1. Could you work out [θ]222 nm for the chain from helices alone, using -39500 (n - 2.57) per DSSP H run of at least four and dividing by all its residues? Round to the nearest 500 deg cm²/dmol.
2. Just check segment 3-45 against the gyration tensor rule for me: Cα atoms, a ≥ b ≥ c as the square roots of the eigenvalues, rounded for a/c under 1.5, and otherwise prolate or oblate depending on whether a/b exceeds b/c.
3. To make sure I understand, if each residue's beta carbon is the centre and we count other beta carbons within 10 Å, what order do 87, 24, 5 fall in, fewest to most?
4. For the chain, which DSSP H helices look membrane-span-like by this rule: Cα extent along the axis of 18 Å or more and mean Kyte-Doolittle of at least -0.5?
5. What list of whole percents do you get for P(r) of the chain, with Cα-Cα distances grouped in 5 Å bins up to the one holding the largest distance?
6. For segment 2-103, how many pairs of lysine residues have a Cα-Cα distance under 25 Å, where the two are 8 or more positions apart or belong to different chains?
7. Under a point-charge model restricted to the Cβ atoms of Lys and Arg (+1) and Asp and Glu (-1), what is the dipole moment magnitude of the chain relative to its Cα centre, in debye to the nearest 20?
Amino acid sequence: MIYQFRSKAGPDVIMLADLTKRIFDILGRPLEPRGILTVEQLPELITSLETAILKDLEERSKAKGENEELAEKPKLADRLGQRAYPFLELMKQAKAKNEPVMWGV
């Protein structure tokens with residue numbers, strides 16, 4: 001399934017279900033076919049996602065150090081920060097312009 005997130009504050013963001021589910025697990029929210037992230041919720045949600053991205057980077061750095069000892073290259077294809085960046089930016093833009101983020105509408 002594909003999710004399309006919209007806000008008057010910025011361009012639409014389209015994500016596949018696997019990434020959307022991962023992000024919503026991080027945010028502590030159930031993933032519904034339709035929904036809204038209110039302006040009041042955005043600061044906490046942004047902080048949660050940024051914290052998870054930093055944690056992911058730290059874990060990858062540790063794994064990279066261990067992998068260098070084994071002469072293996074780390075897999076970077078599923079970096080949370082890279083994949084979640086458009087959604088994070090949409091939330092930041094929505095917060096700055098006091099607009100909600102909606103999907104399934």
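1. Details: 3 runs with 56 residues, N = 105.
Helix-only estimate at 222 nm: -18000 deg cm²/dmol.
2. Numbers: a/c = 1.78, a/b = 1.09, b/c = 1.62.
The shape class here is oblate.
3. Details: 87 19, 24 16, 5 22.
The fewest-first ordering by Cβ neighbours comes to 24, 87, 5.
4. Numbers: long enough: 42-69 (41 Å, -0.75); 80-96 (23 Å, -0.27).
Helices passing the filter in the chain: 80-96.
5. 2, 12, 22, 22, 16, 9, 7, 5, 3, 1
6. The number of close lysine pairs in segment 2-103 is 17.
7. Details: 17 positive and 17 negative charges, 74 e Å.
That gives a dipole near 360 debye.
Taken together, the values in this text are just the output of simple stated rules run on the coordinates, not laboratory data. Here the structure is a predicted model, which means the values were calculated and not measured. Cβ atoms come from the backbone with ideal geometry, glycine included; neighbour counts cover every protein chain shown.
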